[in-house]
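Have a look at the structure below, then the notes.
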Amino acid sequence: MLNDLWAAMLILGIVYGALQGRLPELTEAALESAGEAVTLCITMAGIMALWVGLMEIAQRSGVIRRASRAIAPFMNFMFPRLPREHPAREYITTNVIANIFGLGWAATPAGLKAMEALSDLEEERRRMGQQARKKGTASNEMCTFLVLNIASLQLIPVNIIAYRSQYGSVNPAAILAPSLVATLISAVTAAVFCKLMDRG
């Protein structure tokens, strides 16, 4: 659906440019944008390598483990039915921590593994005859994790800072305070919503 929408917009733009007699400007803009896209990709690749590397160092040095212990009360509150030693807990914690540091690309693999582990947990509950959703329906834990992942608190919005830097912002990090406030509000709202829905 989205591909069709983008294709329609692209064709419409080309046709409109041709009808207006502005094909040279259209071609120039397309080439210029393509060059900017490559430059942005290289910039983002460098930033990604830096932050993913720092995340790996943090994991190997035990910083992630200590951070996991620090947010354990929050995890217990949000996922009361999730067993303490279940693999999904580690994946969810890694995802949350990566999102807090603005590392969406580092959070994604952990998020996918968390969803897979939560699906396995729900299947195990069905086999054991415990309270579980019917097959093909997301569990409460899966829904809670998805909402928290989308509305994640971010201390350092790495992507936005990189974009602002790439496009010549005088102070790329000026977004830090507004981003922190906005994501804090969204994270608190998400947590409250999940607990209210879990109760219902």
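The values are calculated or read from the model by the stated rules, or taken from the named source; none is laboratory data. What you see is a predicted model, and the numbers here were worked out from it, not measured in a lab. A quick note on method: Cβ atoms are made from the backbone with ideal geometry, for glycine too, and the neighbour counts reach across all protein chains shown. The area values use the complete protein model at the heavy-atom level, side chains included, leaving out ligands, DNA and RNA. Shrake-Rupley method; radii C 1.70, N 1.55, O 1.52, S 1.80 Å.
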Where nothing but the Cβ of Lys and Arg (+1) and of Asp and Glu (-1) is charged, how large is the charge dipole of the chain around its Cα centre, in debye to the nearest 20? 1040 debye
Per-bin percent of Cα-Cα distances, the stretch 59-134 [5 Å]: 3, 16, 23, 25, 17, 9, 5, 2, 0
For the chain, inverting the pair-averaged 1/r of distinct alpha-carbon atoms gives a Kirkwood value in Å of 19.9 Å
Dipole check, the stretch 1-142, charges on Cβ (K,R +1; D,E -1), about Cα centroid: among Thr108, Gln130, Ala58 the Cα furthest to the positive pole belongs to Gln130
Accessible carbon and sulfur surface of the stretch 42-94 relative to its total accessible area, %, 1.4 Å: 65 percent
If the cut-off is 18 Å between C-alpha atoms, which aspartates and glutamates fall inside it for Lys113, apart from same-chain ones fewer than 8 positions away? Glu56, Glu85, Glu90, Glu122, Glu123, Glu124, Glu141
Grab the alpha carbons of the stretch 112-187, take their convex hull, and tell me the volume per residue in Å³. 100 Å³
Which residue, chosen from Pro80, Ala117, Cys41, occupies the Cα position most advanced towards the positive end of the dipole of the stretch 1-151, where the dipole is computed from +1 (Lys, Arg) and -1 (Asp, Glu) charges on Cβ about the Cα centre? Pro80
Estimated [θ] at 222 nm from DSSP helical runs (n ≥ 4, -39500 (n - 2.57)) normalised by residues in the chain, nearest 500: -26000 deg cm²/dmol
Please state the shape class of the stretch 159-198: rounded when a/c is under 1.5, otherwise prolate if a/b exceeds b/c and oblate if not, all from the C-alpha gyration tensor. prolate
What residue among Arg89, Arg127, Arg22 shows peak mean-square fluctuation when the chain is described by a Gaussian network model with Cα springs under 10 Å? Arg22
Could you give the size of the charge dipole of the stretch 98-180 about its Cα centre, using +1 on the Cβ of each K and R and -1 on the Cβ of each D and E, expressed in debye and rounded to the nearest 20? 180 debye
Convex hull volume per residue in cubic angstrom - Cα atoms of the stretch 8-92: 159 Å³
Length-normalised contact order for the stretch 1-152 - Cα pairs under 8 Å, 6+ apart - percent: 16 percent
Skip the ligands, DNA and RNA, and give the accessible area per residue of the chain with a 1.4 Å probe, whole Å². 65 Å²
